[in-house]
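First up is the structure itself, then whatever we jot down about it.
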């Protein structure tokens, strides 16, 4: 069966559950990330990457955004976060971490930080060819002597 609802990846059901049970901070940031109008930028929620689920991931730019609640301030959780970040970085992702209260109190600043990181990953526009001076570069011209 080649139906879209048929998923062979065992991580799909837990990812869906995490999406349904999003925290208020996750829902608020998701609303903003969906509205970004930056070329080649598309975030996914609770994106499976290796053994982890990234809160938000843009695969093309290799940026992951993680939101941390109070529990992330404890040593055990901080160690797990560090391990996750190291894994993501070793496979080429840049990880941006924000506290939930940052999202709830200063969303605009968080979105600005994410946008700045996205723009850093964009390829610069191609350089224009150098302008030629009048008469320069036209070898087919007749020799005036």
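At-a-glance table
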item	result
Residue in the range 68-76 that is within 21 Å of residue 21 (Cα to Cα), at pLDDT 90 or above and assigned to a strand (DSSP E or B) present	no
Residues being in contact with a strand residue (DSSP E or B) (Cβ under 7 Å, 6 or more places away or on another chain) and part of a loop (DSSP other than H, G, I, E, B) - total across the range 24-58	3
Residue count for the range 39-53, restricted to those that are under 11 Å from the mean Cα position of the chain (by Cα) and farther than 17 Å from residue 20 by Cβ	4
Residues within the range 96-139 that are assigned to a loop (DSSP other than H, G, I, E, B), at pLDDT 60 or above and under 20 Å from the mean Cα position of the chain (by Cα), tallied	3
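The values are calculated or read from the model by the stated rules, or taken from the named source; none is laboratory data. What you see is a predicted model, and the numbers here were worked out from it, not measured in a lab. Counting neighbours? That spans all protein chains shown, and the Cβs are built from the backbone with ideal geometry, glycine included.
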